[in-house]
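Below: the structure, in C-alpha cells.
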Amino acid sequence: MNHDDLFDSIGYVCTATARELSKAATKAFHQAGYMLSFEQWTLLVSLWNKDGQCQHELASCQGKDRPTITRLVDKLERNNLVLRVPSKSDGRVKMVYLTHQAKAMQAGLMAIYNEVMKRALLQTTATDIENCKASLLRIQENLRQ
C-alpha cells in the first residue's frame with residue numbers, strides 16, 4: 001500500500017472522523033463548563049444506561065482495555081462523578097455507580113452532544129447515515145470472523 005492509499009482508506013477516514021468527533025464534543029463540554037473528555041462522557045453514558053457495572057463490563061461495552069477503563073474511572077471518581085463499591089457477591093470486584101452530581105449532568109451533556117452531532121451531520125441525509133452505519137457494521141462483522 002502506498003502512502004496516499006493509507007490516507008484514503010476507510011480505516012483511516014473512520015479513525016480521523018472519530019478523533020474529530022471526540023475533539024468537538026470535548027471542546028463543547030468544556031465550553032459549557034463540564035470538564036469532561038469525550039471518553040469520560042461515553043463511560044458516563046454506559047452508566048446512565050445501566051448504573052452499577054463492574055469495570056470488566058464497562059471495558060467490554062466500551063471496547064477498551066481494563067487499564068484504560070481504570071484510568072477513566074479514577075478520574076471520574078476524583079471529580080466525584082462515580083464511586084466504587086465492593087460487589088455484594090465478590091468483595092474483590094468493585095462496582096461503579098454514578099453520583100447524584102453525575103446523574104444531574106445527564107440532560108445537559110446529552111443536549112450538548114446532540115448539538116455536536118447535529119453540526120457533524122449537516123448536509124447528510126438519513127439514508128446516507130443508515131447506509132454508512134450498515135457498511136461500518138458489516139466491516140466490523142467481517143473483522144470479527
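Bear in mind that the values in this text are calculations on the coordinates, not laboratory data. Computed from a prediction, not measured in an experiment: that's the story for all the values here. Cβ placement follows ideal geometry from the backbone for every residue including glycine, while neighbour counts extend to all protein chains displayed.
At-a-glance table
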read-out	value
Candidates C132, C54, C14, ranked by Gaussian network fluctuation over the chain, Cα under 10 Å, top entry	C132
Derived scalar couplings ³J(HN,Hα) [the range 21-28; Karplus, 6.51 cos²θ - 1.76 cosθ + 1.60; whole Hz; x for Gly, Pro]	4, 4, 5, 5, 5, 4, 4, 5
In nm, spacing of pseudo-spin labels at A18 and L122 (7 Å Cα→C-beta vector)	2.5 nm
√(5λ) per eigenvalue of the Cα gyration tensor, the chain, largest first, Å	31, 21, 14
Sorted by Cβ density within 10 Å, fewest first, the residues W41, W48	W48, W41
Rounded, prolate or oblate (a/c below 1.5 giving rounded, otherwise prolate when a/b exceeds b/c) for the range 1-77 by Cα gyration tensor	oblate
Relative contact order, percent, the range 3-144 [alpha-carbon distance under 8 Å, six or more residues apart]	20 percent
